Amino acid sequence: MPAPTSLQALEADLARDLLLLNYPPKGWVPEAHAADGRPVSDVIVAGGGMLGLVVSFALRRQGVMRTRTLDQAEAGREGPWVTYARMNTLRSPNHLTGPVFGIANLTFRAWYEAQHGAAAWETLGKIPRAMWMDYLVWYRNVLDLPVENGVRLAAIRPAPHGLDVDLEHSDGRKETAATRKLVLATGREGQARPRIPAPFAPYLGSHVSHTATDIDFAALKGKDVAAIGLGASALDNAACALEAGARQVTVLARSPTVPRINKAKGIVYGGFTHGFPTLPPEWRLKLLDYVSSYRVAPPHDTVLRVFGHANAALWLESPVRSARLEDGRLRLETPEQSLLVDHVILGTGFAIDLSAPAELAEHAPLIRTHADLIGDRATPPQAEWLAFPALSPSFQFVEREAGSAPYLENIYCFTYAAAMTHGNVSGDIPAAGEGAERLAQGLAADLFRANIEQHFQAMVDFEDPELFGDELPEGTPWSPPVKSGG
Ligand SMILES: Cc1cc2nc3c(=O)[nH]c(=O)nc-3n(C[C@H](O)[C@H](O)[C@H](O)COP(=O)(O)OP(=O)(O)OC[C@H]3O[C@@H](n4cnc5c(N)ncnc54)[C@H](O)[C@@H]3O)c2cc1C
């Protein structure tokens, strides 16, 4: 079959794929109204970034149709891709199929080739960062996913129908929406706080920025900059400072060596994806702790992007012990050396903290975490692992004490915070589809169980005859009996 040579042709092929797959299926979740008459959504998905889109599609594939997907960002600016991500290309290889559920015409490659041809694909290399955002916008549009932009989830409360959620619209409107279930797809930093090493805390905002914030790189022209960390984000930000004309950029890392391998790349296979959540917590911890303590190699082109500049320096074994102001600049002291800079960029990542997002703060103390599961081991793991929630097989929060917060079963955590329970299926691109499928299937099952009486009654009421009573001789006993006249 010839490959489509335009987006229009690809979209026609994709529409046919979906038709052949009977998508969209019929919704089956009973309609409900709150006591005050408000319609109750089956699911509200908070976050319309990559994972919010993928899980919204996965829910529809399960026939869960009364959904709303909300994002506080403007349309086309969800997630990091065109906001604070500063790499030139994605870090993943371009052949990843990502969140497509086996639908070939929905892949990035199909989208790219339809516009640029197969020959261009062969020479593309890694996917340009902003192009990935363009693809996600197409994914959302072509699947007709119902994303409402400029809407922030502000608070969550238990309600007889499931949950009430307070929503703040960018035009100032406030709304309390009723839903049975809530999926939190609020991103890598959605249930986390930026790691700010103590020496830098007093200077945050003035002389120090975290990579996940707006940084005025033009203002760094002619300045001395320190980038803290050896991960991809630290180096991409160092590169941006150099490209903006910084005088000198010094990358400071605690470790004595530069990691060369990304162990996480080697764990994208069916056994790991599906087996991980079935392991006891000790094994899950061992696997993730190994990947992270081995440390992740920064991408090849990112390293070249920084150290191709003659005015870039790398200081290993250089934890910053103290920072102090000196003539309006920041003096950094490491065990061996001292450095005077105008600005520091922290590429120190995020630590999971369920109490960090406003909408979860009051619920966080009630949620079971890995501290409850494995915190009392003879050698307790690093505190950061203990902060990860211990979720159900369908990503629900679980109450710390039985009976103390049963409504938590209506909140599904679909962010990197799920990693200690589910593995890497709710963070990076490669297994996002598997994660979304797992969540959507589990959530559909949870909804079914919750309404089992109604579903049983629907079965009782189901009367779609296969036989009409005229197939066999008159007088044949039928069940149910054939009514006269049809
Ligand atoms: C700099 C960077 C580079 C990355 N590069 C790669 C890569 O190359 N390959 C790879 O596999 N992975 C990569 N990742 C990891 C991962 O793919 C991304 O983090 C991806 O964006 C995760 O998608 P998400 O939907 O979970 O989060 P996001 O894309 O961040 O989306 C979350 C959305 O939730 C919204 N939101 C948050 N709180 C609320 C609220 N209260 N109410 C309403 N909306 C809310 C936000 O506005 C945001 O749009 C990268 C991550 C970062 C940060």
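Numerical summary
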{"item": "Burial ranking of peptide ranges 472-480, 199-207 (average Cβ count within 10 Å, highest at the top)", "result": "199-207, 472-480"}
{"item": "Summed residue charge, Cβ within 9 Å of M65's Cβ, Lys/Arg positive, Asp/Glu negative", "result": "+2"}
{"item": "HN-Hα J in Hz across the stretch 320-330 - Karplus 6.51, -1.76, 1.60, θ = phi - 60°, x for Gly and Pro", "result": "7, 8, 7, 9, 8, 6, 9, 6, x, 10, 10"}
{"item": "Protection proxy ranking of 54-67, 12-25 - average other beta-carbon atoms within 10 Å, highest first", "result": "54-67, 12-25"}
{"item": "Computed lengthening from E474 to M131, 0.36 nm per intervening residue step minus Cα-Cα distance", "result": "116.7 nm"}
{"item": "Long-range HN-HN contacts of V208 with modeled amide H, under 5 Å", "result": "V344"}
{"item": "Gain upon complete extension [Q454, A313; 0.36 nm per residue less C-alpha separation]", "result": "44.1 nm"}
{"item": "Gain on full stretching of the segment that runs from S355 to A155 - 0.36 nm per residue minus C-alpha separation", "result": "70.7 nm"}
{"item": "Value of [θ]222 nm, deg cm²/dmol, for the chain, DSSP H segments ≥ 4, -39500 (n - 2.57) each, nearest 500", "result": "-8500 deg cm²/dmol"}
{"item": "Mean separation of Cα contacts under 8 Å (6+ apart) over length of the chain, as relative contact order %", "result": "17"}
{"item": "The stretch 383-455: GluC sites (Glu not before Pro) in DSSP loop, at most 10 other beta carbons within 10 Å", "result": "E401"}
{"item": "Rel. contact order, % - alpha carbon contacts under 8 angstrom, at least six apart, the stretch 268-424", "result": "20"}
{"item": "³J(HN,Hα), Karplus 6.51/-1.76/1.60, whole Hz, each residue of the stretch 59-71, x for Gly, Pro", "result": "5, 5, 4, 8, x, 9, 9, 8, 10, 10, 10, 10, 9"}
{"item": "Residues whose placed amide H lies under 5 Å from that of A227, excluding near-sequence neighbours", "result": "T250, V251, L252, I345"}
{"item": "Burial order of peptide ranges 222-228, 37-43, 166-172 (average beta-carbon count within 10 Å, highest first)", "result": "222-228, 37-43, 166-172"}
{"item": "Rounded to whole Hz, the Karplus (6.51, -1.76, 1.60) HN-Hα couplings of the stretch 167-172, x for glycine and proline", "result": "10, 10, 8, 5, 8, x"}
{"item": "Total lysine pairs whose alpha carbons fall under 30 Å of each other in the chain (8 or more apart, or interchain)", "result": "7"}
{"item": "The stretch 116-222: proportion of alpha-carbon pairs further apart than 25 angstrom, %", "result": "54"}
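Read-outs throughout are calculated quantities, based only on the coordinates presented, and are distinct from any laboratory measurement. As the structure is a computational prediction, the values presented were derived from the model and not from experiment. Counting neighbours? That spans all protein chains shown, and the Cβs are built from the backbone with ideal geometry, glycine included.
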